[in-house]
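The values are calculated or read from the model by the stated rules, or taken from the named source; none is laboratory data. Keep in mind it's a predicted model, so treat the numbers as computed, not measured. Note that we place each Cβ from the backbone using ideal geometry, even for glycine, and neighbour counts take in every protein chain shown. Heads up: the accessible areas ignore ligands, DNA and RNA and are worked out on the full protein's heavy atoms, side chains in. Shrake-Rupley method; radii C 1.70, N 1.55, O 1.52, S 1.80 Å.
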Amino acid sequence: NDIGKLLIKRFNVKSVFRKSNISGELRTPNLKKIAGKGTVTIHKENGCLFKLDVSKVMFSKGNVFERGRIVPGESDVIVDMFSGVGQFCISIAKKNPSCMIYAIEKNPVAVKFLKENIELNRIRNIEVIEGDCRNIRLREKVDRVIMGYLPGTGKFLSAGFGFLKQRGIINFHN
């Protein structure tokens, strides 16, 4: 508790948590509050803002380089299969407003924050689809599939190939 209070003072943060593992397909964090108050924050990276509740949705700072590196083609159609709060799709959409992105997310809390983050970043080229990506059928095939990290990502590959045009790119994290 004293260490948590010291961290709050030293780094000007609202709360300090001990992080454990992420569980299930909804990627629910297991956190223990050490000090402070509040669980909602706004994270900034790659010129984008991400509002989230750290106690209810996952956000991986470890993929920041990968998220910043993906640049879509001029008129690419993209599907983000596990969009979360928009870590990949918002960064991509902001880089190229002429591409179209389908953001699929199963976790209803993450969907709520995804929609808020789209507005927060003034994005107009993302369509949010709530549901399991294995059960979603899009009205068109896509040029690129984003498969951010999810435990057991490999079991979703057939769904990823189902979204893709004859020739395309899959960004697969495992």
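In vacuo Debye scattering of the chain, one point per C-alpha: log10 I(q)/I(0) at q = 0.09, 0.11, 0.17, 0.18 Å⁻¹?
At q = 0.09, 0.11, 0.17, 0.18 Å⁻¹ the computed log10 ratios are -0.32, -0.47, -1.03, -1.13.
How big is the equivalent ellipsoid of the range 68-119 along its three axes, where each semi-axis is √(5λ) from the Cα gyration tensor, reported in whole Å from largest to smallest? Don't skip to the answer; put the middle values down first.
On the way: eigenvalues 75, 21, 16 Å².
So the equivalent ellipsoid measures 19, 10, 9 Å along its semi-axes.
If I compute solvent accessible area with a 1.4 Å probe over the protein chains, what percent of it on the chain is carbon and sulfur?
Details: 5070 of 9540 Å².
Roughly 53 percent of what the probe reaches on the chain is carbon or sulfur.
Can you work out the accessible area per residue across the chain, with the rest of the protein chains kept in place, probe 1.4 Å, in square angstrom?
55 Å²
Among 92-103, 123-134, how do they line up from the highest to the lowest mean number of other beta-carbon atoms within 10 Å? Please report the intermediate quantities before stating the final value.
On the way: 92-103: 20.3, 123-134: 16.2.
So the order, starting with the most tightly packed, is 92-103, 123-134.
For the range 3-37, state which trypsin sites (Lys or Arg not before Pro) are in a DSSP loop and have at most 10 other beta carbons lying within 10 Å of their beta carbon.
Here the sparse-neighbourhood loop sites are 37.
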